[in-house]
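Read through the structure below, which is laid out as C-alpha cells, and then see the notes.
The values are calculated or read from the model by the stated rules, or taken from the named source; none is laboratory data. On a predicted model such as this, the values are computed, not experimentally measured, just so you know. With ideal geometry, Cβ positions are generated from the backbone for all residues, glycine too; neighbour counts draw on all protein chains shown.
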Amino acid sequence: MNVLLTHGYFIQDDPKEQKIMRPYPPLGLLYVSAWLEKHGYDNEVFDSTFSSFDTLKGRLLQSPPDVLAIYTNLMTKLNVLKIIELVRSNEALKSTKIVLGGPEVRNHKENFLRSGADVLVLGEGEETMLELVKCYDQNKGIEGVQSIAYLKGDGVVETPERMLMKDLDELPLPNRAKIDMQAYFSAWKNKHGESAISINTMRGCPYTCKWCSRAVYGLSYRRRSPKHVVDEIEAIQRDYEVDSAWFVDDVFTVSHKWLQGFVEELESKNVMLPFECITRADRMNEEVIQLLKRAGCFRVWIGAESGSQRIIDKMDRRVDVQKVREMIIKAQEAGIQAGTFIMLGYPGETEEDIEETVNHLKTSNPDYFTITVAYPIKGTDLYTEVEADFTQTLDWSESTDRDIDFKRTYSRRYYDFAVRYIVNEVNSQKASLKGDYLWQLKSKAKASAAKLAMNIYR
C-alpha cells in the first residue's frame, strides 16, 4: 500500500504566521503515521508547512498514492478542497482514495463528501485509519469500520462511534523521523534565537466553554503517564538539539496528581527541558506554580477571554476573573512569565465589558496577551446560539467558519478598532511602568485614535 499523509498548510501563503514564525509539526498526523507503522503499514508524510501546493502536486503525480489521508481544520479547509479537486480532476490519480480527518470534518460531512472525499474519519484517528488501510489493502468493504462517514446512494452513511482509546501509553511516540524537524528548528532560531518543539500529554478537555470545538475527542479527558511523557522528552533530547517545548494540552495542570508525578519523574531521571503551557486559573494555586517551576516551566498561559465576569459566565468558562488576575501575578512572582487570551465581540458584550477587560489587563499586567474577535465554529454552543443572527450567507466551498459574522452589540468594524484600543491602552501602561515615556505617548495617542474610531463605527 502506498499511503500518503498530509495536511495542506503552507506557511508561504500565511503572511501573519510568516511574521510570527512559530510553526509546529503536525503532531496528529505523526501519531497516525506511527500507529500505522507499528501495525506493519509503512507510510509517507508530506509535511506541507515549508513546501508548496505545486510541490505536493508533483509528489502526487510522481507516485500516485493508494490512500491519501489529509488532516483538516479551519486553517487548512480551503487548501484541502483544492487538493481534493486536484486528485479528482487528474486521470493519473483516479484510483486514489481520499480520507479526511481532523476537527473540521464532523460538522460538514456531506459537504466534504460531495466535494470528492471518499471517507471521513470522525474523532480519534489512529485505530480508524488503520482499519481503513487494512480494508483497502485487502479489497474489503469499509461498512464495518466504526467512526467513519461516506456517501452511499443519495445519502451520507455514518457508522457507529468508536470508543476512545483508553490507554494513551499504547500510542507510539509521534513519527517525527518522517519529516524535516530541522526546518522547524531553523525557522524558530532565525526568528527568535531559540528553537522549540511541541509535545502532547493529554487528549480532550473536561470543560464546556461555549466557543470551543470538541469535534475530535468530545467532552473527555485522558492522559499519558508521566513516565511515558518523560521518556518522550528523553528521546527528543537524544535525537535533536532543541531549546524548549510547547505542551499543546488544553489544560496542562488539570490534574495536580499527574503534575506531581510528572515533576517527580523528571527529577528522578535528571531530565530538564524548559517549556510553556496553557492552563486555567481554577486549576492553579501556589503549590501548582512551584511544581511548574520545578518542572522547567518558563511561561504559562492562563485563559480568561474577558475581564468582565458577566461575559465569562455567558461563555460558560466557569472561572473567576479575580482568580485569573491573582494567578497571573503569582506566576510572575515565582519567576514564570504569564500570558493570557482575550476574546472580543462575544454576544451581548458592551463597551463597559470592554473597559473591564482593559482594567483586567492593566491590573494583572501579563507579560503577553493575544486578542481575537469571536467567531462561531459549527458544532459549538456559540454557533447554535447565534446561527439565526448570521449577517450573510457564505459559499461553503470558498469560506471557513472564521468568515462568519453575526449581529453583535456593535459593528464588526468597531471591534477591529477595539482590538487596537486595548492593545495600545495596555501598552501605554506597560511603557509607563518601564519609564519609556516616548512609547507611552505613542501608545496613548494610538489608543485615543482607536477609541475615536470605535465611536464612529459604533
**Request:** Check whether at least one residue in the stretch 230-252 is hydrophobic (A, V, I, L, M, F, W, C), in contact with a Lys or Arg (Cβ under 8 Å, 6 or more places away or on another chain), surrounded by 17 or more Cβ atoms within 10 Å (Cβ to Cβ) and not in a helix (DSSP H, G or I), and report yes or no.
**Result:** yes
**Fill in**
Within the stretch 272-301, of all residues that are among the basic types (Lys, Arg) and surrounded by fewer than 20 Cβ atoms within 10 Å (Cβ to Cβ), the one farthest from ILE236 (Cα to Cα) is ARG283
**Asked** Does GLU17 satisfy the criteria of being over 18 Å from the mean Cα position of the chain (by Cα) and either in a helix (DSSP H, G or I) or of a type in the set (Ser, Thr, Tyr) (or both)?
**Response** no
**Message:** Just to be sure I understand the filter: pairs with C-beta atoms under 6 Å, separated by 6 or more residues or on different chains, first member in the stretch 168-184 and on the phi < 0 side of the Ramachandran plot, second member of a type in the set (Lys, Arg). Which pairs pass?
**Reply:** LEU168/ARG222; LEU168/ARG224; ASP169/ARG224; PRO172/LYS38
**Prompt:** Within the stretch 308-356, can you find the residues that are among the polar types (S, T, N, Q), in a helix (DSSP H, G or I) and touching a Lys or Arg at 6+ places or on another chain (Cβ under 7 Å)?
**Reply:** none
**Request:** Give SER225, SER220, SER255 a once-over and let me know the one that is within 22 Å of GLU127 (Cα to Cα), in the same structural domain as LEU292 (by TED's automatic domain parsing), over 18 Å from the mean Cα position of the chain (by Cα) and surrounded by fewer than 20 Cβ atoms within 10 Å (Cβ to Cβ).
**Result:** SER225
**Request:** Scan the stretch 1-14 residue by residue and report those that are free of Cβ contacts under 8 Å to residues at least 60 places away in the same chain and within 15 Å of the chain's Cα centre (by Cα).
**Result:** none
**Message:** Filter the stretch 88-121 down to the residues that are surrounded by fewer than 22 Cβ atoms within 10 Å (Cβ to Cβ) and in contact with a Ser or Thr (Cβ under 6 Å, 6 or more places away or on another chain) and list them by number.
**Reply:** PRO103
**Prompt:** Would a scan of the stretch 382-396 turn up a residue that is assigned to a helix (DSSP H, G or I), buried (at least 16 other Cβ atoms within 10 Å of the Cβ) and in contact with a Cys (Cβ under 9 Å, 6 or more places away or on another chain)?
**Reply:** yes
**Message:** Can you say whether VAL99 is in contact with a Phe, Trp or Tyr (Cβ under 6 Å, 6 or more places away or on another chain), assigned by TED's automatic domain parsing to the domain that holds PRO26, in contact (Cβ under 8 Å) with a residue 12 or more places away in the chain and outside any loop (DSSP other than H, G, I, E, B), as far as the supplied structure shows?
**Reply:** no
**Prompt:** Restricting the search to the stretch 9-56, which residues are modelled with pLDDT under 95 and surrounded by 14 or more Cβ atoms within 10 Å (Cβ to Cβ)?
**Reply:** ASP14, GLU17
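Quick check on GLU143: is it modelled with pLDDT of 95 or more, crowded, with 16+ Cβ neighbours inside 10 Å and assigned to a loop (DSSP other than H, G, I, E, B)?
In short, no.
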